[in-house]
C-alpha cells in the first residue's frame, strides 16, 4: 500500500468544516448530503445539518439515505423517518438495518431477514423474504439485490422476480455498495468485487467496516475505527493511505469523499488529489 499520506507528500487535502463547538457529541454512524449541506447521524440519535443539531431520533439503526429531496433514517423499531423532521414515512414489523436506492425506489434490509422495497413516495411495492438471518447491509444494481447477513453470508436476488441468483457463505463482510457498472463491492477482512461471473478478492491492510465509491466507480474509499482511511484505485489496482484515522462513516458527494471519524469530526477528501 502507498503510504505517502503518512510520510511527507500530500496525498489528499482535507479539512474539518465544522467549528469546534459544533463537533458531534458521540460517534457518528452515517453521513449524507442534501443539496449543498451535509447531514450526520450519531449513535445517540442526534441529527446534524452542517454541524447544527436538527433533532434527536429514537433508537436509530445507523443509516442515512437520500430519496428525492428527503433524507431518511431507519430505526430499530422498524420505522422509516424523515431525518430532518422526524415524520414517520413507513412502518415495518422489525428493525431496519440497511438501505439502498435504485430507479426511483428504496430497498430496506431488516432484522428478520426480509428486504422491503418502497417507491420514492414511500409506498410499499414488494417484500423479499430471504433466509431469515438478520441483514446487516443491502445494495441494488442492475436489477439485482445484494444482501449481507449476520451469519456471514452474502446472497443476491433478482429484484423483479424475487428469484435467488446466488449465495455464498463465509464472506463475513461488514458493508456493501453498488458500483456504477452493475457490480458490487464489500469490505470486511478483505475487499471483494462481485460481478455476475466472478468474485475478485483484494487484500486490505486491515479489516474494514465502511465504504463509499466515486461517481465513476473508479475509486473505492474504505475505513474502520481502528486505522486510517484507505482508497483503492480500480484501474491501477493500488491502495493509497489518507491520514484520516478512526473512520466511522463514509459518503461520496459530487467530487469528494466525506469521512466522519469517531471523535465526531467531518473530513473531506477531494477525489482528484488521491492519485
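Every number here is computed from the coordinates shown, using simple stated rules; none is lab data. Predicted model, so just to flag it, every value in this text is computed and none were measured. Positions of Cβ are backbone-derived with ideal geometry, glycine not excepted, and every protein chain shown enters the neighbour counts.
Couple of notes before you dig in:
- Extension gain, residue 43 to residue 103: 0.36 nm times the residue separation minus the Cα-Cα distance gives 18.7 nm.
- For residue 56 and residue 33, the difference between the fully extended length at 0.36 nm per residue and the C-alpha to C-alpha distance is 6.5 nm.
- Packing here is the average count of other Cβ atoms within 10 Å per residue, and on that basis the peptides 104-114, 43-53, highest first, run 104-114, 43-53.
- Rg [Å, one decimal], Dmax [Å, integer] - region 26-91, C-alpha atoms: 10.4, 31
- Translational diffusion of the chain, µm² s⁻¹ [Kirkwood Rh, Cα pairs; Stokes-Einstein; 20 °C; 1.002 mPa s]: 115
- R0 of 30 Å, Cβ-Cβ distance residue 93-residue 255: FRET efficiency to nearest 0.05: 0.15
- Subtracting the Cα-Cα distance of residue 190 and residue 226 from 0.36 nm times their residue separation leaves 11.5 nm of extension gain.
- Separation of alpha-carbon centers, region 48-85 and region 229-247, rounded to whole Å: 28
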